[in-house]
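Structure, as structure tokens:
The values are calculated or read from the model by the stated rules, or taken from the named source; none is laboratory data. These numbers come from a predicted model, not from an experiment. Every residue, glycine among them, receives a Cβ derived from its backbone with ideal geometry; neighbour counts consider all protein chains shown. The area values use the complete protein model at the heavy-atom level, side chains included, leaving out ligands, DNA and RNA. Shrake-Rupley method; radii C 1.70, N 1.55, O 1.52, S 1.80 Å.
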Amino acid sequence: MLQINIIRQDVARVKEKLAIKNFPGIELVDKIIVLDDDRKALQLELETLQSKVNSHSKTIGQLIAKGQKEEAENAKKSVADYKLQIGELNVKLAETEKLLLHELVKLPNLPSDKVPAGKTPEDNVLVREGGSKPHLPEQALPHWDLIKKYDIIDFETGAKITGSGFPLYKGQGARLQRALVQYFLDYNTAAGYTEYLPPFMVNEASAYGTGQLPDKEGQMYYMPADNFYMIPTSEVPLTNIYRDEIIKEENLPVKMTAYSPCFRREAGSFGKDVRGLNRVHQFEKVEIVQLAHPGKSYDALEEMVTHVEKLLGSLELPYRILKLCGGDMSFTSALTYDFEVYSAAQERWLEVSSVSNFEAFQANRAKIRFKDQNGKNQLLHTLNGSALALPRIVACLLENNQQENYIALPGVLHSYFGSGKIG
């Protein structure tokens with residue numbers, strides 16, 4: 001959530017930034033300013049009345065001491081009238097603050113000055129590429145056929161158990177999932193990230209704190225009996241560990257990593273983009289999260305980008321890094337880099353990670369702060385990234401490394417998988 005003082009400092013700049021993000025409701029900024037003006041006016045009126053109450057209350061004691069009972073009674077009536085007005089104003093102020101918050105949460109985060117203008121993924125900026133695209137024979141198979149050939153994932157039985165988009169991993173497929181998760185976690189912890197195993201459901205306050213609510217309510221699985229949400233990523237529980245907390249400045253940055261299944265409804269997804277592992281409702285992912293000093297968060301972002309890039313390089317997959325344009329960014333992000341790997345059999349790039357700086361947007365919602373050197377509480381910056389999401393990594397490992405009768409695995413996975421190949 002944007003801070004109201006940031007909006008008021010330069011309304012024109014806020015509108016320009018929202019336009020870069022192609023936000024359709026820029027007039028909402030003016031509505032917020034009016035509501036905040038109303039709030040400030042009510043607050044001033046309350047303070048004035050409270051000052052009168054304090055002044056009259058002091059006078060009442062003096063009048064009684066002087067024996068001026070009639071004047072004291074009149075002062076008491078004035079105090080009672082003021083208190084009645086204060087009660088009414090408190091109700092109005094609470095209503096105005098509620099309306100203001102209701103509108104504030106509709107505004108997305110402002111994009112960083114580094115964000116390029118643009119409306120669609122075609123406007124994203126290529127930062128760099130790495131690795132080499134494999135040259136597959138003409139009879140090469142896409143991963144959904146390789147899965148059947150080696151009997152490692154069963155989509156049909158998964159659909160019978162739950163529904164479409166809930167794959168059942170089996171045999172070497174299940175072992176590959178476990179190997180990748182363990183390798184990613186080991187890689188992250190070696191870089192100083194503390195490992196967590198968080199709850200896979202969160203309450204409404206946690207989903208609100210990281211910006212899933214109210215923006216992505218339709219994309220999450222909801223448990224109405226308990227008012228819990230299945231997590232779309234472990235970023236949500238990890239960040240909320242520090243909700244309503246004040247961190248010592250010397251303990252920054254806080255670096256966390258976690259494995260979790262992720263649950264996404266993916267409403268409206270269809271066509272070739274959802275075939276096989278390209279888009280599913282439940283998948284495994286290892287996440288990295290940082291809570292950083294505001295003056296160092298963009299250094300932290302570049303560090304996380306390098307971290308994910310080296311991880312992809314170790315898997316020997318061709319990849320590219322894109323800086324997202326304003327129109328392709330998430331509601332909460334100030335700057336995002338997407339990582340894509342090349343799916344050789346499909347001849348297309350598949351997103352496997354997003355690394356983002358949210359600046360103070362999530363921290364303001366979740367009230368995550370640090371105490372600075374002057375003893376003042378300040379909002380910190382939150383960042384997160386996938387390191388990595390498994391389905392499309394698996395798809396590309398299968399397709400890019402297929403041999404005639406087996407799938408070769410990159411060397412870093414041999415000890416985790418217990419073999420150098422599938423098949």
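If E45, E404, E27 are ordered by their accessible area, calculated over protein heavy atoms with a 1.4 Å probe, which sequence runs from highest to lowest?
Details: E45 85, E404 150, E27 125 Å².
So, going from the largest accessible area down, we get E404, E27, E45.
Between region 348-401 and region 82-125, what's the alpha-carbon centroid distance in Å? With region 348-401 and region 82-125 each reduced to a Cα centre, they are spaced 23 Å.
Largest first, the three principal axis extents of the alpha carbons in region 1-46 are 39, 18, 17 Å in whole numbers.
Shown in residue order for region 131-139 are the 3J(HN,Hα) couplings computed by the Karplus curve 6.51 cos²θ - 1.76 cosθ + 1.60 at θ = phi - 60°: x, 10, 6, x, 9, 8, x, 4, 8 Hz (x for Gly and Pro). If you sort the three axes of the alpha carbon gyration tensor as a ≥ b ≥ c, you get a/c of 1.5 or more for region 162-223 and a/b no higher than b/c, which makes it oblate.
Solvent-accessible surface (1.4 Å probe) assigned to F370 amounts to roughly 10 Å².
Largest first, the extents of the alpha carbon coordinates of region 129-194 on the three principal axes equal 41, 36, 20 Å.
Taking the Cα centre of region 354-404 as origin, work out the dipole magnitude from +1 charges on Lys and Arg Cβ and -1 charges on Asp and Glu Cβ, in debye rounded to 20. Intermediate results must be reported in sequence, preceding the final value.
On the way: 6 positive and 4 negative charges, 118 e Å.
I would put it at about 560 debye.
A DSSP coil position with no more than 10 other Cβ atoms inside 10 Å describes the following GluC sites (Glu not before Pro) in region 86-138: E138.
Counting only protein heavy atoms and a 1.4 Å probe, the chain has 48 square angstrom of accessible area per residue. With each label modelled as a point 7 angstrom along the Cα→C-beta vector, the E97-K310 pair spans 4.7 nm. From helices alone, the chain scores -13000 deg cm²/dmol at 222 nm; the rule is -39500 (n - 2.57) for each run of n ≥ 4 DSSP H residues, then divide by the residue total. Once C-alpha pairs closer than 8 Å and six or more residues apart are averaged by separation and normalised to the residue number of the chain, the relative contact order reads 20 percent.
Which of the trypsin sites (Lys or Arg not before Pro) found in region 300-388 are loop residues per DSSP with 11 or fewer other Cβ atoms within 10 Å of their Cβ? When the trypsin sites (Lys or Arg not before Pro) of region 300-388 are filtered for loop state and at most 11 Cβ neighbours within 10 Å, K376 remain.
Candidates L390, V254, A12 compared by Cα position along the dipole of the chain: farthest toward the positive end lies V254, with charges placed on Cβ.
Taking 30 Å as R0, compute the FRET efficiency from the Cβ-Cβ separation of D186 and D10 and round it to 0.05. Provide the component values of the computation, followed by the final result.
Values: r = 46 Å, r/R0 = 1.52.
Plugging the Cβ-Cβ distance into 1/(1 + (r/R0)^6) gives 0.05.
Relative to its residue count, region 69-176 spans a Cα convex hull of 334 Å³ per residue. Stretched out straight at 0.36 nm per residue, the stretch from L126 to R178 would grow longer than its current Cα-Cα span by 15.5 nm.
If you roll a 1.4 Å probe over the chain with all protein chains in place, what percent of the accessible area is carbon or sulfur?
Working: 10110 of 20250 Å².
Looking at the chain in its full context, I get 50 percent from C and S.
For region 191-345, the square roots of the Cα gyration tensor eigenvalues, ordered a ≥ b ≥ c, give a/c of at least 1.5 with a/b no greater than b/c, which places it in the oblate category.
The Cβ shell under 15 Å around D244 holds other residues with a net charge of +3, Lys and Arg each +1, Asp and Glu each -1. State log₁₀ I(q)/I(0) for the chain at q = 0.09 Å⁻¹ as given by the Debye formula over alpha-carbon point scatterers of equal weight, solvent excluded. Treating every Cα as an identical point scatterer, log10 I(q)/I(0) equals -0.65. Available extension along the chain between D81 and I161 is 22.1 nm, counting 0.36 nm per residue and deducting the alpha carbon span. Placing +1 on the Cβ of every Lys and Arg and -1 on the Cβ of every Asp and Glu, with no other charges, gives region 234-325 a dipole of roughly 500 debye about its Cα centre. In this rough spin-label picture, where each label sits 7 Å from Cα along the Cβ direction, the Q219-E88 distance is 4.7 nm. The label point for E249 and the one for K106, both projected 7 Å from the Cα toward the Cβ, are 3.8 nm apart.
Mind running the shape call on region 157-268? Use the C-alpha gyration tensor, a ≥ b ≥ c as the square roots of the eigenvalues: rounded below 1.5 for a/c, prolate if a/b tops b/c, oblate otherwise. Mind dumping the intermediate values first?
Working: a/c = 2.85, a/b = 1.18, b/c = 2.42.
Since a/c reaches 1.5 but b/c is at least a/b, the shape of region 157-268 is classed as oblate.
Length gained on full extension, V274 to N203, computed as 0.36 nm times the residue gap minus the Cα-Cα distance: 22.6 nm.
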